[in-house]
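Undergrad: Before I ask anything, here is the structure I am working with.
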Amino acid sequence: YLARDAMGIRKSIPATKMMSQYTLPPSLRKNAEIDGGRLANESSVFEHIEQGYRRNPHSLAVISTHQPAGHLASVVPRDDKVDDQHVTRYSCLGWTYSQLHRTSLQLLGGMLANGTQPNSTILMLIPNGGEYALLLWTSVLLRLTYACVDPSLLEPSKNQELQAILDLVNPSLVVVRDSAGALALDALLAKTTPNNQRQHPVLQITLEETARPGWISLCTLAACSGLSPEQADGHLAAARADSPARTHSILFTSGTSSNPKGCPLRVSGMSHALQSQSWLVNAENGARALQQGHNSRGIAPAQTLQTWRAGGAVVMTGGGFDASDLVDAVVDYRATFIVLTPAMVRAVGQEIESRERQTQERVDVDSVTSVQVGGDAVTKDVLDRCGRLFVRAKVCVNHGMTEGMGAFYWPFSEMTVPDIPFYGEMAPIGAVAPGTVVRIWDSEGESVAGRGELGELHMSCGGTIPGYLGGVAEDSFYHDSKGIRWFNTGDVAMIDGDGVVFILGRKKDMIRKSGTVIMPAALESCIEKLTSKEVCVVSIAHPELGHEPFAVLASLNGKTEAQIKQHVIRSFGQKYALGGVSTLEQLGLREFPVNATHKLIKTDVQSAVAKYFTR
């Protein structure tokens, strides 16, 4: 019963409507709107990360596995009281909180000496590493709005996208890695567009020690500092009293289905997220929190700040998500906290299995005490796999968006997977956190849905942005009759009778088949359990049914198309029958396309399927 309903909505009303039609017991006919209650919170981001600094001033705050131990030694002062010698064994960069804080004050002084004012905006196009950590801490101290974008936007083919970002952000400081990036940005900064007349000078910073004309190296910038102890104390006091309404950061959505949208998060929003998510990364599990996502992704700066709040060390690898780098970070640096998408779970499992076959020895990943899974639909099978890979870890599902975070918490930490409530094969996202109101919206009836009914996930959360930059997609935000501001996440979700929230997929990914609305995630889980291979289900047009589901597999793994189709019918009924099955190879793809956070780009798969049918 549950597995069938997890697929979609059986109904005779138009398929564009969202509310489910099955009859619920009276006990579940409650309103699907939950107020998580009040959240007590700090007023500034610095007050949060200062907790970790005060707790562990001489413990490691940053470990950069791809940078040498002496990196930036001319700028970063020694810490003779360091109480963690682990990193020196591997000759990589490791800085304590004291080193990070003192060097950030030097950079703050250098920025002031070069004309930067508090409350300015800094645009960073740099890789993860020690410099990023320094600039993030400095931004918090000087109350700079930091905007991080992928350095690949410096490529000539992406100039138009980067120009649009420059116009939107209008930075007073820009940071690139090297002279090639500086050269590319020089041309764009010289342009004056109708959207940006650039009335202020831009401080141009490069991570390379030798800078192009008009640019200054990070090392030289730090050496410019003439900050007195009294001035430093004044800036620290101002950071503690930072305005909650100030824009803390600007990040951009991944753009997997549309143009990237700028997300200006206020100080109050990040402060809310750090307080609300304090259950996630804490002093117990955050000693070594692995960060592989690039700093332009929403999860990255939030996780960095969460780790610092807990007094732990952020462990950064150099090349984005890589299963081999992840396992190395766990084995060599004893990472305690890791973040995975469902696709990453598969890749890490394969990497561990490969190493164990080669060495005939068990790969020791027992340092991992917490695994966060998210970024895509999470199924029971994914949680099972995580539990088998990391036997000493607590595994949780966590929800986050570039638009904000901190709306949910995971109440099942002490439960085994069989005891967690599932909606068919779909894992819950958790319960509504303090400081957040969540409701499931029935767009047909223009009202809040009932418990157990599917609808649009709307939230009013202190950790959410007030709107997108430039006023785009304004209809994603609205005020109700009580004046409460809501964000329509674009997700299809359900709240059960116990207040547990389930996200079943994106509304745009729904497949509307002759009056039945099908959510691809449950189909994907069903097929993957049969074939043990990664699956993506997309929509294809049908002349009579409107649309029907089409499954793309990494490999059939010994199964036939007929067996897969029959398995889906047995599991969910004829209404959910597949319109076809293919492999990546048949579509001309070597692997599933993913973005920088290793999230599947369904639009690319959809395009490949469309081409397949036009051959």
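Undergrad: Among the residues of segment 407-418, are any surrounded by fewer than 22 Cβ atoms within 10 Å (Cβ to Cβ), in a loop (DSSP other than H, G, I, E, B) and charged (D, E, K, R)?
TA: yes
Undergrad: Given the criteria touching a Cys at 6+ places or on another chain (Cβ under 8 Å) and either in contact (Cβ under 8 Å) with a residue 12 or more places away in the chain or not assigned by TED's automatic domain parsing to the domain that holds T253 (or both), does F572 qualify?
TA: yes
Undergrad: For residues that are surrounded by fewer than 22 Cβ atoms within 10 Å (Cβ to Cβ) and part of a loop (DSSP other than H, G, I, E, B), tally how many sit in segment 421-435.
TA: 3
Undergrad: Next up: List the residue pairs whose Cβ atoms are under 6 Å apart, where the first residue sits in segment 367-387 and is more than 21 Å from V537 (Cβ to Cβ) and in contact (Cβ under 8 Å) with a residue 60 or more places away in the chain, the second is among the aliphatic types (A, V, I, L, M) and in a loop (DSSP other than H, G, I, E, B), and the two are 6 or more positions apart or on different chains.
TA: Within 6 Å, the pairs are T369/A393; S370/A393.
Undergrad: Quick one: count up the residues across segment 361-397 that are modelled with pLDDT of 95 or more and in a loop (DSSP other than H, G, I, E, B).
TA: Going through segment 361-397 one residue at a time, the tally reaches 13.
Undergrad: While we're on this one: Tell me the residue from E528, E524, E591 that is part of a loop (DSSP other than H, G, I, E, B) and within 26 Å of V348 (Cα to Cα), please.
TA: It is E591.
Undergrad: So if I check each of V339, V330, which one is over 14 Å from the mean Cα position of the chain (by Cα) and of a type in the set (V, I, T)?
TA: Answer to the selection: V330.
Undergrad: When the residues of segment 547-568 are narrowed to those that are of a type in the set (V, I, T) and over 16 Å from I511 (Cα atoms), which ends up surrounded by the most Cβ atoms within 10 Å (Cβ to Cβ)?
TA: Among them, the one singled out is I564.
Condition check ((1) buried (at least 21 other Cβ atoms within 10 Å of the Cβ); (2) of a type in the set (A, V, I, L, M)) across all residues:
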| site | (1), (2) |
| --- | --- |
| V437 | no, yes |
| D475 | no, no |
| F487 | yes, no |
| G490 | no, no |
| G499 | no, no |
| L523 | yes, yes |
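Undergrad: Now for a different question. Please verify whether A323 is of a type in the set (G, A, S) and buried (at least 24 other Cβ atoms within 10 Å of the Cβ), treating the condition exactly as stated. It would help to see each step written out before you state the result.
TA: Numbers: of a type in the set (G, A, S): yes; buried (at least 24 other Cβ atoms within 10 Å of the Cβ): no.
In short, no.
Undergrad: I'm trying to understand the selection: among the residues of segment 34-84, which are touching an Asp or Glu at 6+ places or on another chain (Cβ under 8 Å), within 15 Å of Q99 (Cβ to Cβ) and in a loop (DSSP other than H, G, I, E, B)?
TA: Once the filter is applied, which keeps residues that are touching an Asp or Glu at 6+ places or on another chain (Cβ under 8 Å), within 15 Å of Q99 (Cβ to Cβ) and in a loop (DSSP other than H, G, I, E, B), segment 34-84 yields H58, S59, L72.
Undergrad: (1) closer than 17 Å to M405 by Cα; (2) at pLDDT 95 or above: which one isn't true of G490, the others all being true?
TA: So the condition that G490 fails would be (2).
Undergrad: Condition (residue is closer than 24 Å to L144 by Cα, assigned to a strand (DSSP E or B) and not hydrophobic (A, V, I, L, M, F, W, C)) applied to segment 306-326: is it met by at least one residue?
TA: no
Undergrad: Pairs only if they're at least six apart or on different chains, beta carbon under 6 angstrom, first in segment 578-592 and in the same structural domain as L530 (by TED's automatic domain parsing), second among the hydrophobic types (A, V, I, L, M, F, W, C) and outside any strand (DSSP E or B); list them, first residue then second.
TA: L578/V568; V581/I564; L584/A554; L587/A608; L589/A608
Undergrad: Checking the structure you have, find out if any residue of segment 189-196 is hydroxyl-bearing (S, T, Y), outside any helix (DSSP H, G or I), surrounded by fewer than 17 Cβ atoms within 10 Å (Cβ to Cβ) and modelled with pLDDT of 95 or more. Steps first, please.
TA: Of the residues in segment 189-196, the ones hydroxyl-bearing (S, T, Y) are 192-193.
Then keep just the ones that are outside any helix (DSSP H, G or I); that gives 192-193.
Checking the rest, the ones that are also surrounded by fewer than 17 Cβ atoms within 10 Å (Cβ to Cβ) come to 192-193.
Applying the additional criterion that residues be modelled with pLDDT of 95 or more yields none.
Within segment 189-196, none of the residues are hydroxyl-bearing (S, T, Y), outside any helix (DSSP H, G or I), surrounded by fewer than 17 Cβ atoms within 10 Å (Cβ to Cβ) and modelled with pLDDT of 95 or more.
The values are calculated or read from the model by the stated rules, or taken from the named source; none is laboratory data. Here the structure is a predicted model, which means the values were calculated and not measured. No Cβ is skipped: glycine too gets one built from the backbone with ideal geometry, and neighbour counts run over all protein chains shown.
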